[in-house]
Amino acid sequence: MATRRGGSGARGWDESDIRIRPGKGSRPRTKRRPSHSDAASAMVVSVDRGRWGCVLLDDGPDHVAGTRIVTMRARELGRTPIVVGDHVGVVGDLTGTRDTLSRIVRVEERSTVLRRTADDSDPYERVVVANAELLLIVVAVADPPPRAGFVARALVAAYTGGLDPVLCLTKGDLDDPSVFAAEFEALDVPVLRTGIDDDLTALHERIDGRISAMIGHSGVGKSTLVNRLIPDAHRATGVVSGVGKGRHTSTQSVALELGTGGWVVDTPGIRSFGLAHVSPDDVVASFSDLDAIVQDCPRGCTHQGPPADPECRFDAIADPAVHRRALAVRELLGVLQSNDAWALGTDQD
């Protein structure tokens, strides 16, 4: 089943909706505030700079479900960012015909968020995708070589954002995927082989009927995987340079509909994955059993263990399986303190 394509509007204003304020230049102003109670429900499927976007309408009495319309953020939302996956309220022309425009007047509360910062010193959080259930972390086992630090950071973002992570390994024909997968075994992260010659049945069993966000460095085969899942997506694919760095082929996040039900949000190749907004307690809180254990840790414990935290309760766990998971979480916490660009995969310029 192909991705539904409705009409698209031009990036213009309906003349009946604007006026020019005398003496204030030619900036368009709305005549009236849209009624939130009359807003139609929709899901954002693409965004341009947080203001313009394309949404897919839900079912309603005055419009056709599945219609794609061009929208812009209403003035009363201020600087409220709009991201792919947001559930929003929309008013205006909902026909989806050319040269029409609607406005997003409401953003519903998000159930999950995939967020990052530019780097670990940047205080500004950027929400990448909203309301996704799964985070598909695409990693090549070779060409370019895998980086455990990047995967660890992606796992932290998934756990703290409420998404269930799935590790998708590509290019398994070039090296043994099991070696890299073993590094995350204690966290019980599902690991799937999703290379160009691998069967995708196991992946479909997880993503069909759900909303999944997909991230990965450029050159790891992310766009190739998207095209296998959604042949009509026609996502551009690239090659890996001679220094082991991929060329960025996806430049904008976009939600793509699976023919088998559900959505995959393809995101641009990531150069860096800052976690300035995440604290050690945020990470541990994602594991209910470990969160209960660290309540007995001394105040200010970062759960790194000796010598920084000689009394961390992680080191007193008797259950071998729980202790292994605690040590794996400790490694995740270690990435919050690391500045090794190669290990973290942040030198992809």
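What to note about this one:
- Segment D99-D319, extension gain: residue separation times 0.36 nm, minus the distance between their alpha carbons: 72.8 nm
- Compactness of region 109-239 - radius of gyration and Dmax, Cα, Å: 14.5, 43
- Multiplying the residue separation of D296 and Q337 by 0.36 nm and removing their Cα-Cα distance gives an extension gain of 12.5 nm.
- Set against the 2.2 N^0.38 Å expectation for a compact globular protein, region 113-178 has a Cα radius of gyration ratio of 1.24.
- Gyration tensor (alpha-carbon) shape descriptor, region 177-235, a/c threshold 1.5: prolate
- Positive contributions from Lys and Arg (+1) and negative ones from Asp and Glu (-1), summed over other residues with Cβ under 12 Å from the Cβ of F287, come out at -3.
- Our estimate of slack between R75 and D281, defined as 0.36 nm per intervening residue step minus the Cα-Cα distance, is 70.5 nm.
- Here each label is just a point 7 Å from Cα along the line to Cβ, and for D62 and L174 those points are 5.4 nm apart.
- A cut-off under 13 angstrom between Cβ atoms defines the neighbours of G300, and their net charge, with Lys, Arg +1 and Asp, Glu -1, is -2.
- Label-point separation, D197 to W52 (7 Å along Cα→Cβ), nm: 4.4
Quick note: the coordinates plus some simple rules give every number you see, no bench work behind them. Note that the structure is a prediction, hence the values are computed from the model and not measured. Neighbour counts are summed over all protein chains in view; Cβ atoms, including those assigned to glycine, are modelled from backbone coordinates with ideal geometry.
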